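For reference, the structure is listed below as structure tokens.
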């Protein structure tokens with residue numbers, strides 16, 4: 001699988017994760033996993049240049065954001081405080 005670029009614009013995160021990615025596909029999806037690998041949040045990546053995800057229901061900790069765009073994938077870690 002090829003990679004794409006992802007950038008978390010605010011880290012650590014309080015209530016809302018804001019990130020940008022070079023997704024080209026209308027089918028791009030994201031998931032947020034905790035340190036044990038369990039997916040806590042998943043959804044579709046919208047077509048805007050900055051993507052926002054509410055994290056108000058997540059506990060404090062380290063998480064992994066994964067974005068899959070067709071045959072490309074990107075991952076980035078962030079901290080929820």
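Would you call residue 59 in a loop (DSSP other than H, G, I, E, B) and farther than 17 Å from residue 80 by Cβ? Against the criterion (in a loop (DSSP other than H, G, I, E, B) and farther than 17 Å from residue 80 by Cβ), residue 59 does not qualify. Of the set (1) on the phi < 0 side of the Ramachandran plot; (2) touching a strand residue (DSSP E or B) at 6+ places or on another chain (Cβ under 9 Å), all apply to residue 61 but (1).
Scanning the range 40-76 for residues that are more than 13 Å from residue 30 (Cα to Cα), under 12 Å from the mean Cα position of the chain (by Cα) and surrounded by 12 or more Cβ atoms within 10 Å (Cβ to Cβ) returns a single hit, 55. Residues that are free of Cβ contacts under 8 Å to residues at least 40 places away in the same chain and at positive phi do occur in the range 22-41.
State yes or no: is residue 47 out of contact with any helix residue (DSSP H, G or I) (no Cβ under 9 Å at 6 or more places or on another chain) and free of Cβ contacts under 8 Å to residues at least 12 places away in the same chain? No: the conditions fail for residue 47.
Laboratory data are not the source of any read-out in this text; all were calculated from the coordinates shown. Please read these numbers as outputs of a predicted model, since none were measured by experiment. In this analysis, Cβ positions are derived from the backbone assuming ideal geometry, glycine residues included, and neighbour counts consider all displayed protein chains.
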